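I am attaching a structure below and will ask some questions about it afterwards.
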Amino acid sequence: QNEEKWDFVLVSDIHEMGSEKEIKRKKFLDELSKKGFTIKKIEDTKLFYGVRAPQHIFWKYQCLLTNPDSRQQNFSAYQDIPVTTRIRVVHFILQNTVTSDLEKLHDLMKKKVFEAAFPLHKKEEITEILKKKWARWRVLFKEQPIEEIRCYFGEKVALYFAWLGWYTYLLLFAALAGLATVAAGATVFSSSQVSKEICDANNTIMCPLCDQNCSFWVLSDTCTYAKVTHMIDNEATVVFAIFMAIWATVFLELWKRERATVATSWDLYGWDEEEEELALQLINNSQHEPRLYQHSYFRSTIVLLLAVLMIMVLIGIAHALVIYRAVAMALFTQSRVDLLSKHADTMAVMTGAVLHYVTIVIMSKVGTRQKPRTFSQKENSFTVKIFIFQFFTNFSSLIYIAFFLGRINGHPGHYVRIAGHWRLEECHPSGCITDLFIQMAVIMVLKQTISNIMEYLIPWISHQLRKKKKPPKKRSVMLGEEEEAEDPCKKQWLKNYELNEVNVFSLFNEYLEIVIQYSFTTIFVAAFPLAPLLALINNIIEIHMDAIKMMRLRRRMVPRKAKDIGIWLQVLEAIGTLAVIGNGLVIAITSDFIPVQVYKYMYSPCTRQNHTDMDCSTGYINNSLSVFHIQDFEPHTKVLPEFNGVQIKEYRDYRNADDYTYTTQFWHIFAARLAFLILFEHVALCVKLIAAWYIPDVPQKVKNQILTEKHKNLRNELRWVMFWKVP
């Protein structure tokens, strides 16, 4: 039975005898034979080579990475080495075996000498447990078998699923808080004085939203939008934004504790990745010299310049989306279709959001093409580069909508125009936060439906197509070698070959997807309190979809050791800080929260007379509108002849009626926005720091366990010293 356990399978096309590819393949297999590898060949429509490493390789591995005092006891224990370790060691040797032509397996695969190299999914007890308890849709709400995942896929994959499960569990609290915020907006704040005034403003005539075919309109037309806006733009949103800042910190601090517990139980707390890689290099080649650390300021400067150039390209794409929305607004308003012309502003926002999603998909493909030469050495820098690239791709348009839309477009009579023709888009009449809400809702819904469907369907269809390419049943004599009788390994190897290819970046892509989702869930959550709920639903599906892909649709991933989630933890901490800044800016700049508060305490009737029964925001809408004279319109704007009045109200600005300069109230609001931003961020960051200090990174139980282990090892060392001193 032991003879039929194979560590890896190499697949090759059937090349002609004496051809260059056949010679290269033979040279590589000869190098493996010299190292003591057992190789088994099975011929079908392809050539399959089963590879099994000699036991002395694993003995060396254990000797190099085991404590010196435990070596004598475990001299023959190498036979019990875990399957994940066997696969990892064999994979390393395969990747680093050099032929006489100085070619490695990677080079041979590029030259089509070998087509694939993979470890096997084997029909054993652990695979059945994982398929039954994890890789199926029926167990959506069951706990993940993390220990079994670790024993089959290694620590790195197990830590990913442990982290994703922990994040999903804590999202439940954020989702409930988001639902409570929306519910409060729909009930407690539904009878808002502000939205009531908008709904009653039947005589308040507003300036046209475009130059051509846009009539003056009545403010009460936006009544429904005003009510929806106030569901997300109220006092509860401020509390929710602070809650999410604390939640992000607590999530990371609790994860650090969970990770410390898991790493200790897996005996990985003192494990060193660099030491393991050096040990593997020496096992593969005893003459190996370590590759010393190098730093080139010239190279770093080039990388920095390229990164800046890429960010400029992404900002350019954001500008293109701005231009699209301005042009789309103009075209929709001129449309003969009533639905488009009446809701031109909303249609421009929604189509802009869809276009933004398309650019995210395209730029995501471009970004992940930038693959480093050696993944293990450059994983951290690669992660940071790709994350920054993806972050700007996803958030450039949202940043524009949140902080620039409606603030750089000028005012009636003096609009800022693209190419001197198209007016820059204004905020939605019911408020700028509505645009941000729509944009985030569209992107998150599309990302979590279309992207997930494609993520599952493409591997599934690919697997089905590969299965249909069945080998011919008729046996033949090929290349002068007789086909042997049906081998029991053949069926298993073919079944694994039919699965989709898996690469070293598969797990990286899963992390990136969830970390970008975490950014959406925290950074602009004040504008879209339902983001945590959408993320929760997505993650419950994502965990089992990833499990099904790994167990049923893809070849077995090469297990990798890890004691934490790596650089992703620092990325998540950076996002937590950005979330405080982002939400502070959304409340201070995008929402109407500050202007309403300034009005209540400085300009409302409550400041002039003592009306305890009066809502202090009474009159806010009228106060927030500025007077505009029709004769001051630019030539671009066609004024309909039935409007001959001299005064038309302009919504959402604080300007003088005579020269259109900013009023004193505008500067009061500006100062209040700035003061709130500084106060909010300092309070939120202080709370984050206190939460981080209050919750220890490592549980006391784990600290005591490590301390006891160190003490025990030192006492054993002392016994050895005392023993050798005795004559």
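Within segment 712-723, can one find any residue that is open to solvent by 80 Å² or more (accessible area, probe 1.4 Å) and among the polar types (S, T, N, Q)?
no
I would also like to ask the following. Consider Val580 carefully, then state whether it is within 23 Å of Val687 (Cα to Cα), modelled with pLDDT under 90 and not assigned by the TED database to the domain that holds His121.
Yes: the conditions hold for Val580.
Also: Can you tell me which residues in segment 118-143 are more than 15 Å from Ile87 (Cβ to Cβ), touching a residue at least 40 places away in the same chain (Cβ under 8 Å) and among the aliphatic types (A, V, I, L, M)?
The answer is Leu130, Ala135, Val139, Leu140.
Looking only at residues that are surrounded by fewer than 16 Cβ atoms within 10 Å (Cβ to Cβ) and among the hydrophobic types (A, V, I, L, M, F, W, C) in segment 351-377, which one is modelled with the lowest pLDDT?
So, considering only residues that are surrounded by fewer than 16 Cβ atoms within 10 Å (Cβ to Cβ) and among the hydrophobic types (A, V, I, L, M, F, W, C), the one modelled with the lowest pLDDT is Phe375.
Yes/no matrix, rows are residues, columns are (1) open to solvent by 50 Å² or more (accessible area, probe 1.4 Å); (2) out of contact with any Gly (no Cβ under 7 Å at 6 or more places or on another chain); (3) within 25 Å of Asp659 (Cα to Cα):
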{"residue": "Gln390", "(1), (2), (3)": "no, no, no"}
{"residue": "Leu405", "(1), (2), (3)": "no, yes, yes"}
{"residue": "Asn409", "(1), (2), (3)": "no, yes, yes"}
{"residue": "Pro412", "(1), (2), (3)": "no, yes, yes"}
{"residue": "His421", "(1), (2), (3)": "yes, yes, yes"}
{"residue": "Thr449", "(1), (2), (3)": "yes, yes, no"}
{"residue": "Leu465", "(1), (2), (3)": "yes, yes, no"}
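What are the pairs with Cβ atoms under 7 angstrom where one residue, in segment 274-297, is closer than 18 Å to Gly36 by Cα and outside the structural domain of Ile57 (by the TED database) and the other, located anywhere, is open to solvent by less than 90 Å² (accessible area, probe 1.4 Å) and of a type in the set (D, E, K, R)? Sequence gap at least six, or different chains.
As it stands, the answer is Ile283/Lys60, since those pairs meet every condition given.
Considering only residues that are surrounded by 16 or more Cβ atoms within 10 Å (Cβ to Cβ), over 13 Å from Thr97 (Cα atoms) and touching a Pro at 6+ places or on another chain (Cβ under 8 Å), which ones fall in segment 13-50?
Selection gives Asp44 alone.
Under 6 Å between Cβ atoms, at least 6 apart or on separate chains: pull out the pairs that start in segment 345-365 with a residue that is within 16 Å of Glu426 (Cα to Cα) and end on any residue that is assigned to a helix (DSSP H, G or I) and acidic (Asp, Glu).
Val349/Asp435
Something else now. Starting from segment 157-179, take each residue that is open to solvent by 10 Å² or more (accessible area, probe 1.4 Å) and list its partners that are part of a helix (DSSP H, G or I) and among the charged types (D, E, K, R), counting only C-beta distances under 6 angstrom and pairs at least six apart or across chains.
Trp166/Glu258
Would segment 148-166 turn up any residue that is of a type outside the set (A, V, I, L, M) and farther than 30 Å from Arg86 by Cβ?
Looking through segment 148-166, none of the residues is of a type outside the set (A, V, I, L, M) and farther than 30 Å from Arg86 by Cβ.
Go through segment 411-436 and give me each residue that's over 19 Å from Thr522 (Cβ atoms) and part of a helix (DSSP H, G or I).
Those that are over 19 Å from Thr522 (Cβ atoms) and part of a helix (DSSP H, G or I): Cys432, Thr434, Asp435.
Here's a follow-up. Condition check: open to solvent by 20 Å² or more (accessible area, probe 1.4 Å), part of a loop (DSSP other than H, G, I, E, B) and either assigned by the TED database to the domain that holds Glu235 or out of contact with any helix residue (DSSP H, G or I) (no Cβ under 6 Å at 6 or more places or on another chain) (or both). Does Lys561 satisfy that?
yes
State all residues of segment 144-156 that are open to solvent by less than 50 Å² (accessible area, probe 1.4 Å) and without any contact (Cβ under 8 Å) to a residue 24 or more places away in the chain; if no residue qualifies, say none.
Those that are open to solvent by less than 50 Å² (accessible area, probe 1.4 Å) and without any contact (Cβ under 8 Å) to a residue 24 or more places away in the chain: Pro145, Ile149.
While we're looking at this one, here's another question. Would you point out the residue of segment 119-143, among those that are outside the structural domain of Arg86 (by the TED database), outside any helix (DSSP H, G or I) and aliphatic (A, V, I, L, M), that is surrounded by the most Cβ atoms within 10 Å (Cβ to Cβ)?
Ala135
Next up: Out of (1) farther than 28 Å from Arg560 by Cα; (2) among the hydrophobic types (A, V, I, L, M, F, W, C); (3) touching a helix residue (DSSP H, G or I) at 6+ places or on another chain (Cβ under 9 Å), what's the single condition that is false for Val262?
Answer for Val262: the failing condition is (1).
For the subset of segment 261-271 comprising residues that are assigned to a helix (DSSP H, G or I) and of a type in the set (Gly, Ala, Ser), which member is least open to solvent (accessible area, probe 1.4 Å)?
Selected residue: Ala263.
Output the residues belonging to segment 96-118 that are in a loop (DSSP other than H, G, I, E, B), of a type outside the set (S, T, N, Q) and open to solvent by 30 Å² or more (accessible area, probe 1.4 Å).
Val98, Asp101, Leu102, Lys104, Lys111, Lys112, Glu115
Quick one: which helices (runs of 4 or more DSSP H) sit completely within segment 272-344 and have at least 1 residues that are closer than 22 Å to Tyr415 by Cβ?
Answer list for segment 272-344: 297-333, 338-342.
Please name all residue pairs, on different chains or six or more residues apart, with Cβ atoms under 6 Å, provided the first residue is in segment 50-63 and is without any contact (Cβ under 8 Å) to a residue 24 or more places away in the chain and the second residue is of a type outside the set (Phe, Trp, Tyr).
So the pair list comes out as Pro54/Gly36.
Given the conditions (1) open to solvent by 70 Å² or more (accessible area, probe 1.4 Å); (2) of a type outside the set (Ser, Thr, Tyr); (3) at pLDDT below 85, which single one is not true for Phe243?
Here Phe243 clears every test but (3).
Same structure, new question: Every residue in segment 526-542 that is part of a loop (DSSP other than H, G, I, E, B) and at pLDDT 90 or above, please.
Within segment 526-542, Phe528, Pro529, Leu530 meet the criteria.
The values are calculated or read from the model by the stated rules, or taken from the named source; none is laboratory data. This is a predicted model, so every value here is computed, not measured. All Cβ positions, even for glycine, are placed from backbone atoms using ideal geometry, and neighbour counts span all protein chains on display. Accessible surface is based on the protein model in full, side chains and every heavy atom, while ligands, DNA and RNA are left aside. Shrake-Rupley method; radii C 1.70, N 1.55, O 1.52, S 1.80 Å.
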